[in-house]
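Here is the structure we will look at.
Derivation of every value follows stated rules applied to the coordinates shown; laboratory data play no part. Please read these numbers as outputs of a predicted model, since none were measured by experiment. Because the Cβ atoms are built from the backbone with ideal geometry, glycine has one as well, and the counts that use them run over all protein chains shown.
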Amino acid sequence: MTHPKTLYCIDLDGTLVKGHLHNYLMMNCLEKCSNKLTYNFLQDFQRGLREPALMKELFEVLHKNGQPIAITTFSSFPEVIPIILSEIGLSEDVIASIHVVHGLAHKLGPPGKNGHIQQAKKHFQLGHDIPCLLIDDDVSNTNYAKQSGHSIIHANPFGPTFVDEIGKLLCQFRSDVIKSEFN
Ligand SMILES: [Mg+2]
């Protein structure tokens, strides 16, 4: 592995999906029916998967390079995350390697996703010196992460920067492969 170990933390609502799955399930789940509702939600183009081909490539490249990956979400429905990952097209192996940290920030302590990042680091037994990249559509989450010294990609819903930034990240991994072939 030539790419330095980094914890990759990826948000769910607004980032992996365009809409807000947590709110949708809260409004519609009268009993435990979240799987069927999740499929309904994903079928709606307006709120379904966001850039699934790009995100599939990202997850697979990170997994292949042995990078720790966490889904860091405020959602109260972590049980539907494997459905999202499977609909993106990821294999069971990749899905099983992804750690989920869910729940609201105040329950975890630090603001934004910083508590989620800490928990993910603990899960993967990563030291404080291991860098983290947060990919999240909420600018307050990315600001809190920046203030704590983490790298960020703002999954801006109103501009092309998200796709560009993920593309640049993938290019870094591709250039690592090229460099290692020449060395
Ligand atoms: Mg979000």
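A compact table of results
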| quantity | calculated |
| --- | --- |
| Relative contact order of the stretch 1-110, pairs being alpha-carbon contacts under 8 Å that are 6 or more residues apart, as % | 32 percent |
| Under-16-angstrom lysine pairs by C-alpha in the chain, whenever the two are 8 or more apart or on separate chains | 9 |
| Rg/Rg_ref, the chain, where Rg_ref = 2.2 N^0.38 Å and atoms are Cα | 1.01 |
| Estimated vicinal HN-Hα couplings, Hz - the stretch 125-131 in sequence order (Karplus 6.51, -1.76, 1.60; Gly, Pro = x) | 6, 9, x, 4, 6, 6, x |
| Global form of the stretch 1-71, assessed from the alpha-carbon gyration tensor, a/c cut-off 1.5 | prolate |
| For Cys132, residues with placed amide H under 5 Å, excluding near neighbours | Leu7, Ser151 |
| Size of charge dipole - the chain - debye, nearest 20, with Cβ of Lys, Arg +1 and Asp, Glu -1, no other charges | 320 debye |
| Counting DSSP beta bridges with both ends in the stretch 1-132, the antiparallel % (nearest 5) | 10 percent |
| For Gly48, distant residues with modelled amide H under 5 Å away | Lys18, Gly19 |
| Amide proton proximity set for Gly103, modelled H, under 5 Å, gap of 5+ | Thr73, Phe74, Ser75 |
| Global form of the stretch 46-93, assessed from the alpha-carbon gyration tensor, a/c cut-off 1.5 | oblate |
| Most positive-pole-ward Cα, Pro157, Ser76, Gln46, against dipole of the stretch 7-182 from beta carbon charges | Ser76 |
